[in-house]
Structures are given as structure tokens and as C-alpha cells.
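The values are calculated or read from the model by the stated rules, or taken from the named source; none is laboratory data. Everything quoted here is computed from the prediction, not taken from an experiment. Cβ atoms come from the backbone with ideal geometry, glycine included; neighbour counts cover every protein chain shown. To get the accessible areas, we keep the full protein, side chains included, count just its heavy atoms, and leave off ligands, DNA and RNA. Shrake-Rupley method; radii C 1.70, N 1.55, O 1.52, S 1.80 Å.
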Amino acid sequence: MNGLASAFFAILRRDLMLAFRHRGELANPLLFFLIIVTLYPLGVSPDPELLRKIAPGVIWIAALLAALFSLENLFRGDFDDGSLEQMLLSPQPLSVLVVAKVLAHWLVSGLPMLFLAPLLALLLDMPSKAAWALETTLAIGTPLLSLIGAIGVALTVGLKRGGILLTLLILPLYIPVLIFATNAVAAAGAGMPVEGQLYFLAALLVLALTLAPVAIAAALRISMS
Amino acid sequence: MWSFFHKLASPKHFYRISGKLIPWLGAITALLFVSGLYFGLFKAPPDYQQGESYRIMFVHVPAAWMSMFIYTFMAVLYAIHLIWNIKLADVMASSSAAMGASFTFLALVTGSLWGKPMWGTWWVWDARLTSELILLFLYLGYIALVSAIEDKRTAARAGGLLILVGVVNIPIIHYSVEWWNTLHQGPTVTKLDKPSIHPSMLLPLLLMALAFQCYYFTLVLVRARTELLERERRSAWIKELFG
């Protein structure tokens, strides 16, 4: 058990350190998130009434795309330099090691979105109740995005042009998250209770936490064979 | 009984048995289609509300059932492939995907053709329609992934994993879209969808559903045989068969 924990934290520390050594790249998904949201008032309409209505969907779709964008390189570097192979060969269970990688990914890409979201809520003129719901759904939802997305990334890591394919594989799987999250935010904005949707998101997160690591590990083994 | 299944799982016997089965299945399919279409298009009375155009249901409903059946069937086959490593399960599953996607597409198109005169619109973002569309995306994602991977065995395992992950998603999508839409607007389909159906309409519907099912099994066997010949072209039994 001790060996497992130290392997887990070693990978977590390594991935975080790698991320902070490339500080420029760290900001890219966040900027992407911000820019996508900015496009809507310019492209659809600057009318605050309309913006308030579409805000949950706009922010959440931007979050999905940003997650997709940042996930693409989750296993790429390790695949290219052979450290992924070492992880497969290690005596520790691969499913636990990938959780460390996904956690590191969420800490550098999902968590910062939580800090950016209030600003976006302000820009799109969301009421404060809806902004709180948005924060909560992002807090539960972004780890889900990382976990589900990692399955798709693991499946496509061996392929040369996996980018578009990844979109095709992952976005349909993201749809339930999108539906419950935007529904919760919209309901909160209208002054309705949102516990039901939040519980469902939390249930999805528990399901993903238990099953996704196994699926990610299996997908990696398939890709590396 | 069990030895029959064991034999069936070996490519050689599967090839032989399916070769004998296909003409029979094809004949049954033709018979079911003819009788189903006859009862559906000529015998069944026009609907008191929708007139003649309800008859599209005889194609639409079986296609929608098949779209869901094939996905589930693929998931079962892949679970079998994963657990017992039976090659044939993967051959059957990968031969099914294109047909599953076609049935889904057919269900969407016929639904939309029916929707225009009935609801006055080609498309609504309603629960059933949306989950059917997402099912199409799941099929297309699987097909894209499998065709992107060169090695057939790797492709099978990767595709199988995707199908199994997707099957967790299907009930979630189905119900979530329902809850999600009922907040915004009342159910429009479920009201129209649950007329207590008269036997004269139910009989052709069931005949058509059976016809679709037999059609699928006939075609999937044909496809699986072709796939087997391609994959096993170097094996002894094929050389024996074709000299």
C-alpha cells in the first residue's frame, strides 16, 4: 500500500512539475475558454436579456471544448518518450497511476476554470444565484470531463491524427454532464431548487471515479499493444 | 446444446452453419416483409386522426427498435469477447455497426418525414429524437475509431471498450433528456405515442418488427462470413474450402 501511495504521489508531483515548467501552455486552455465565451455576444447578440438566458449553455459548452482541447496531450508526451510503457510495466496497478495523471490534469486545467467562471458569469450578466450554481456544477463537472475524456484520449493515443477522432468519441459521452449542469444553472437562475441535478452530477462523478480508471487503463493497454 | 454453441464459436463451423442458415433466414425475411407490408399498407384501416400518413410507423418504429437492439447486442457481444476472448463475437459485432447506424438514420429520417405533416416541423429537440441522434453519434464514433486503427485485433478491442463505455451512457442520455425537456415544455411525443393500438395495426407492426429483425440477422451473417474470409484467409480450413 505504501508503495502504491508513493507511486501515486510521484506521478502526481511529476505531472504537476511538468505543467509548471511549461507555464505558457498552462494558460492556453483557459484563454480558449474565455475566448469562446467572448465570441457569443459578438456573434449572437449583445442583448443582456438573451445573454442571461443562454449563459449556462455558452459557458458549459466552452468548458467542454476547453477540456477536450487540454486533454489531447494528456498521454501524448508519455507515449512519445516511453514513460507510458514504463507505467504499464510497473508493479503498481495502472488504473491507480492513471488517476494520478487525470488528477494532475484536472488541477492545472479544470480547477482554474472555477476561478475564471465568476468573471464569465459577470460578463454574461448572470444573476448571483445562477453564478453559484455554475460554480458548483463546474466543481463537480470538470473532474467528470477529465475522467471521461481520458478514456477517449487513451484510446486514440497510438493514432497519428487522433484530434478530430477524439472529438467524435468524447463529445457524445459528455452530453449527460452538459444536460444536468446547464439545467441546474438555468433552474437556479429561475429560483428553482437544483439539488436533484446536483445529486445526479455527483452520482455520475462517483460512477466515473470507480469505473473510468479501469476503462482508461484498459484503453492504454489496447493502444500500447 | 452446449457443444453446439462451442462448435458455433469456432470460425470453421460458424461458416458452415451460417451458410446453411442464410437462405432460410432470407426466405423468412422476404415472407415477413411481404405479409407485413400487405397488412400494413392495404389491410390496416387509416387512422381516425392521422389518416394515411401514420403508415410510416410500420417502417419507423421497427427501425428505432433495431437501432437500440443492435447497440445492446454489440455490447453483449463485446462483453463475451472481453471475457471469453471469442473471436467470432468481435466479427459479429463489427459487422453490426454499420447496420446499426443505418437503422438509426432510417428511424431519424422516417420520423422527420412523419413529423413534417403531423407536427408541422422537420425536427424538434424532444427527448426521443435527441437521444436517437446521440445514438447515431455513438455509432459513428465507433465506426470512425475502428476504421482509424490499422490492426484488426487492436481495433476490435478499442471499439469494444468504446461500445461498453457508451452503453453506460445510453440510459442516462435517454432519461436525462426526458427530465431536461420536461422542465421547459410539456411532453409532446408521449401523448401521441401512447394510443391504445388496435389489433389490425398491431399485427402488421409486429410482423414488420420481426421482418426487420430477420433482415438484420440475415445480413449480419452474410457480412460476418465475408469478414471471416478476409481475416482468416491464411488459415487451413479456408484453404481446404477453396483449394
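Brief remarks follow.
- Within the range A:41-52, the set of residues being assigned to a helix (DSSP H, G or I) and without any contact (Cβ under 8 Å) to a residue 40 or more places away in the chain comprises A:L42, A:G43, A:E49, A:L50.
- Only one of A:G110, A:G189 that is crowded, with 20+ Cβ neighbours inside 10 Å and over 23 Å from A:A215 (Cα atoms): A:G189
- Those residues of the range A:192-225 which are among the β-branched types (V, I, T) and touching a residue at least 60 places away in the same chain (Cβ under 8 Å), in sequence order: A:V194, A:V214, A:I216, A:I222
- Scan of the range A:194-221 for residues that are within 9 Å of chain B (Cβ to nearest Cβ), of a type in the set (A, V, I, L, M, F, W, C) and open to solvent by 10 Å² or more (accessible area, probe 1.4 Å), ordered by number: A:F200, A:L204, A:L207, A:L211, A:A215, A:A218
- With respect to the stated conditions, A:I148 fails to be modelled with pLDDT under 90 and facing chain B (nearest Cβ under 9 Å).
- Residue within the range B:16-34 that is touching an Asp or Glu at 6+ places or on another chain (Cβ under 6 Å) and either among the acidic types (D, E) or part of a helix (DSSP H, G or I) (or both) present: no
- Among the residues listed as A:A154, A:A184, the single one being open to solvent by less than 10 Å² (accessible area, probe 1.4 Å), more than 8 Å from every other protein chain (Cβ to nearest Cβ) and closer than 20 Å to A:L211 by Cα: A:A154
- Residue within the range A:64-74 that is out of contact with any helix residue (DSSP H, G or I) (no Cβ under 7 Å at 6 or more places or on another chain) and either at positive phi or in a helix (DSSP H, G or I) (or both) present: no
- When the range B:137-158 is filtered for residues that are under 18 Å from B:S102 (Cα atoms) and more than 9 Å from chain A (Cβ to nearest Cβ), the ones remaining, listed by number, are B:Y139, B:I143, B:V146, B:S147.
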